[in-house]
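Working notes, structure below.
The values are calculated or read from the model by the stated rules, or taken from the named source; none is laboratory data. A quick note: this is a predicted structure, and the numbers were derived from the prediction, not measured. Backbone-built Cβ (ideal geometry, glycine too); neighbour counts: all protein chains shown. Only protein heavy atoms, including side chains, enter the accessible area calculation; ligands, DNA and RNA are left aside. Shrake-Rupley method; radii C 1.70, N 1.55, O 1.52, S 1.80 Å.
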Amino acid sequence: MAAVLELNKVCMDFGGLRALDEVSLRVEPSQIVALIGPNGAGKTTLFNCVTGIYDPTSGDVLLNAPGGESRRVNGLKPNKVTELGMARTFQNIRLFPSMTVLENVMVGCHCRMHASILGAVVKGPGARAEERRVVDFSYELLRLVGLTRWVNEISSNLPYGAQRRLEIARAMATEPYLVLLDEPAAGMNPQETDDLKELIVRIRDTWSKSILLIEHDMSLVMGISDRIYVMEYGRLIAEGSPKEVSENPAVIKAYLGEDLDA
Amino acid sequence: MLGIKRSLLVSIWFMFLTFPLLVIRVNTVENTVDWRFMNMLYVGVGSFFLSFVWRYLMERRARGGGRSGGQGAGSVMQRVLGEKRIFYPIAAVVALAALSFPLFSDAYQTNVMISTLLYVMLGLGLNIVVGLAGLLDLGYVAFYAVGAYAYALLNQHFGLGFWTVLPLGGLLGAVCGVLLGFPVLRLRGDYLAIVTLGFGEIIRLVLENWGDFTHGPSGIANIPRPGLFGMDLSIHDAAIYIYYIVFGMVLVTIFVVNRLKNSRIGRAWLALKEDEIACQAMGIDKAKTKLTAFALGSTWAGFAGVIFAAKTTFINPACFTFLESALILSIVVLGGMGSITGVIVGALVIVVLPESLRDFPQFRMLLFGAILVLMMIFRPQGFISTERKKYEYHGAADETPAEGE
Ligand SMILES: Nc1ncnc2c1ncn2[C@@H]1O[C@H](COP(=O)(O)OP(=O)(O)OP(=O)(O)O)[C@@H](O)[C@H]1O
Ligand SMILES: [Mg+2]
């Protein structure tokens, strides 16, 4: 089966700095793929290149819809990429702070809605039904991430871990087939991280999405990933199953080594 | 006490600064100099007192006391307005009062109220651009001018009536909004503000200098008032008629803005305002969303412009200066960005306050400015901050909402 996301020798330069150096990577359908590496390795930059925030200097980013349609997405606008079926969360939480929790998720439904300006003003039966559908769908997503308690709360009032989960719900609202999570467990306590682990697995299994995940928490990464890519200084230094990666000497030297010593 | 010492210094400084202006008066008739030392005393005592109060308030604010106090008062108002059982009767009473207003008032009062309602319209329109979409537009008055000149010129050259031009004016406003929107799509914040400011001035300068087309600075006179089935209305009756037209338009505006605010497009505007990158990552087309905000905002300015021309029957470029844009912007900011009730309150304050301060002409603008500054310091979110809509779950209530872990 074709990979959902495929990167072929993607490079990204910032002036003289090569942040990504010929990175090639694949995400297969309904897999959890993790991307790990020390700080500044270029993981977030890779996400930004894939989602259209940056235009890669060279290389191809291919997005293959499960239906079979394949698109090269380099240089597309971020909203186009999202429309094609890839959604993401941000390392430094980027919610819409003064909107309510439910509204944040409803914004995510935007590109799957059709209400025009006139339709919104007249608010005929079609628009009403759509609006209700969106509320219900958003509510369902909030139930998935366990935030129904705070539906009408202003999102910036949520505790940190809840904000991270809200970002996941919001990304899911765009009805993607591939979800990119940038350090979803950052700042969470062990209990929250465990719940998150379960949530990510549930998103793969019951919602059958593919997931590409950046994470520093090794227990999470090793626990749930089907495949792991390791980056250092913009280059891939290893890839494989969790077991292979954790036994790879280059990885241990670059990354896990420091971790295990600590 | 440090505070007293500081305030004393401030008052001495002020006495020194105002000395040449307020104390010395050269009497040119008798060639003598009057020394008005009483003025100096007033300035000294006044500035000492004000500075003291100021310091006290700032301190309270810094300690958080003033802040929570201010918000307490605000949130009481908020809660009252948020409660439908209280809000609807109040809104109904206000609407009724507004409806019967011209029956009890003279021509002057009616005219002031017409201006107020026009400003409500303008404020609500600008509120779409600034309050909802977060695009700081300092040239809003340009679209107002477009509407007004559309009516004046179309009437003069083609004899088109008020009711024909009203939608056309809105349309022209929208077109100009998009025209302005395109080049500024990539700009934000201060840069956007400067470009829109320039755009407003360009329109005004074109109106002033393109004499053949716009009659230049002397303006266009004898613009007909809107007709009522061909009846001849006295000036007072015409004012009342216009009053009801504006009132109707304000209701329409409120209805439309309210609908938009909690719709797909309204949420997109808010999202754009709060975080552009996240907004795009949610699949929202930034360019399209910005353009619709500009277009819709300027539509209302176009409508208001047509009505304004019909009301005053005379327009010239001097009606559309930057000051006007600033005034409309302060209505939005003062009232509370994004809040419809806030904009209405803001318009009332901005138009009625300077009007009622006419008895102190020399201090009018000064007091007005002072009030604005105080507002920005002690209640930056405006009189009424936005309330977000609360949603209910319509789906099958098959289980009690799963609580967060
Ligand atoms: N817009 C930019 N302009 C210039 N340099 C950038 C830019 N974005 C990222 N970089 C650089 O690219 C390198 C990779 O950064 P990136 O944020 O991708 O790291 P990361 O792997 O996500 O690290 P972390 O684990 O700390 O999040 C860093 O050296 C960073 O300074
Ligand atoms: Mg990062």
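Key figures for this structure:
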item: Residues of the range A:29-43 satisfying the condition of being open to solvent by 50 Å² or more (accessible area, probe 1.4 Å) and more than 9 Å from ligand 1 (Cβ to nearest atom); result: A:30
item: Criterion violated by residue B:251 - all others in (1) within 8 Å of chain A (Cβ to nearest Cβ); (2) open to solvent by 30 Å² or more (accessible area, probe 1.4 Å) satisfied; result: (1)
item: Residue in the range A:94-101 that is open to solvent by less than 10 Å² (accessible area, probe 1.4 Å) and more than 8 Å from chain B (Cβ to nearest Cβ) present; result: yes
item: Whichever residue in the range B:291-300 is more than 12 Å from every other protein chain (Cβ to nearest Cβ) and either out of contact with any Phe, Trp or Tyr (no Cβ under 7 Å at 6 or more places or on another chain) or of a type in the set (A, V, I, L, M, F, W, C) (or both) and, among such residues, is surrounded by the most Cβ atoms within 10 Å (Cβ to Cβ); result: B:300
item: Hits in the range A:72-93 (condition: more than 10 Å from chain B (Cβ to nearest Cβ), open to solvent by 20 Å² or more (accessible area, probe 1.4 Å) and away from ligand 2 (no atom under 16 Å from the Cβ)); result: A:72, A:74, A:75, A:76
item: Selected residue (only one of A:52, A:67, A:37, A:59 is at pLDDT 90 or above and either among the acidic types (Asp, Glu) or under 20 Å from residue A:172 (Cβ atoms) (or both)); result: A:52
item: Close pairs (6 angstrom Cβ cut-off, 6 or more residues apart or separate chains): under 15 Å from residue B:245 (Cα atoms) in the range B:115-135, open to solvent by less than 10 Å² (accessible area, probe 1.4 Å) and not hydrophobic (A, V, I, L, M, F, W, C) anywhere; result: B:121/B:253
item: Residues satisfying the stated conditions in the range B:8-51, i.e. assigned to a loop (DSSP other than H, G, I, E, B) and either β-branched (Val, Ile, Thr) or touching a Cys at 6+ places or on another chain (Cβ under 9 Å) (or both); result: B:28, B:29
item: Number of positions in the range B:257-274 that are facing another protein chain (nearest Cβ under 7 Å) and surrounded by fewer than 20 Cβ atoms within 10 Å (Cβ to Cβ); result: 1
item: Positions within the range A:69-88 being part of a strand (DSSP E or B) and touching a Ser or Thr at 6+ places or on another chain (Cβ under 6 Å), in sequence order; result: A:87, A:88
item: Selected residue [open to solvent by 40 Å² or more (accessible area, probe 1.4 Å) and either within 13 Å of ligand 1 (Cβ to nearest atom) or part of a loop (DSSP other than H, G, I, E, B) (or both)] from A:66, A:56; result: A:66
item: Hey, residue A:82 within 16 Å of ligand 1 (Cβ to nearest atom), more than 27 Å from residue B:256 (Cα to Cα) and in contact (Cβ under 8 Å) with a residue 24 or more places away in the chain or not; result: no
item: Criterion violated by residue A:46 - all others in (1) within 10 Å of chain B (Cβ to nearest Cβ); (2) among the aliphatic types (A, V, I, L, M); (3) crowded, with 19+ Cβ neighbours inside 10 Å; (4) within 16 Å of ligand 1 (Cβ to nearest atom) satisfied; result: (1)
item: Residue check, residue A:228 away from ligand 2 (no atom under 16 Å from the Cβ), surrounded by fewer than 21 Cβ atoms within 10 Å (Cβ to Cβ), more than 12 Å from the chain's Cα centre (by Cα) and of a type in the set (A, V, I, L, M); result: no
item: Residue match in the range B:230-242 (condition: under 30 Å from residue A:123 (Cα atoms), within 14 Å of another protein chain (Cβ to nearest Cβ) and not hydroxyl-bearing (Ser, Thr, Tyr)); result: no
item: Residue among A:55, A:21 that is away from ligand 2 (no atom under 16 Å from the Cβ) and over 19 Å from the mean Cα position of the chain (by Cα); result: A:21
item: Qualifying position, being more than 14 Å from chain A (Cβ to nearest Cβ), closer than 23 Å to residue B:181 by Cα and surrounded by fewer than 24 Cβ atoms within 10 Å (Cβ to Cβ), among B:303, B:322, B:314; result: B:322
item: Where a residue in the range A:37-54 is closer than 15 Å to residue B:281 by Cβ and its partner, wherever it lies, is within 6 Å of ligand 1 (Cβ to nearest atom), with Cβ under 6 Å and at least six apart; result: A:44/A:91
item: Residue that is nearest to the other protein chains (Cβ to nearest Cβ), among those in the range A:102-154 that are among the polar types (S, T, N, Q) and touching a Ser or Thr at 6+ places or on another chain (Cβ under 7 Å); result: A:152
item: Any hit, the range A:101-121, residues being in contact with a Phe, Trp or Tyr (Cβ under 9 Å, 6 or more places away or on another chain) and more than 16 Å from residue A:170 (Cβ to Cβ); result: yes
item: Filter result (at the interface with another protein chain (Cβ under 9 Å from one of its Cβ atoms) and open to solvent by 10 Å² or more (accessible area, probe 1.4 Å)) within the range A:161-191; result: A:165, A:191
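Let's see how each residue does on (1) within 27 Å of residue A:78 (Cα to Cα); (2) of a type in the set (Val, Ile, Thr); (3) within 16 Å of ligand 2 (Cβ to nearest atom):
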site: A:189; (1), (2), (3): no, no, no
site: A:195; (1), (2), (3): no, no, no
site: A:208; (1), (2), (3): yes, no, no
site: A:212; (1), (2), (3): yes, no, yes
site: A:223; (1), (2), (3): no, no, no
site: A:241; (1), (2), (3): no, no, no
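Rundown of residues vs (1) within 23 Å of the chain's Cα centre (by Cα); (2) free of Cβ contacts under 8 Å to residues at least 60 places away in the same chain; (3) open to solvent by 20 Å² or more (accessible area, probe 1.4 Å), yes/no style:
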residue: A:121; (1), (2), (3): no, yes, yes
residue: A:140; (1), (2), (3): yes, yes, yes
residue: A:145; (1), (2), (3): yes, yes, no
residue: A:159; (1), (2), (3): yes, yes, yes
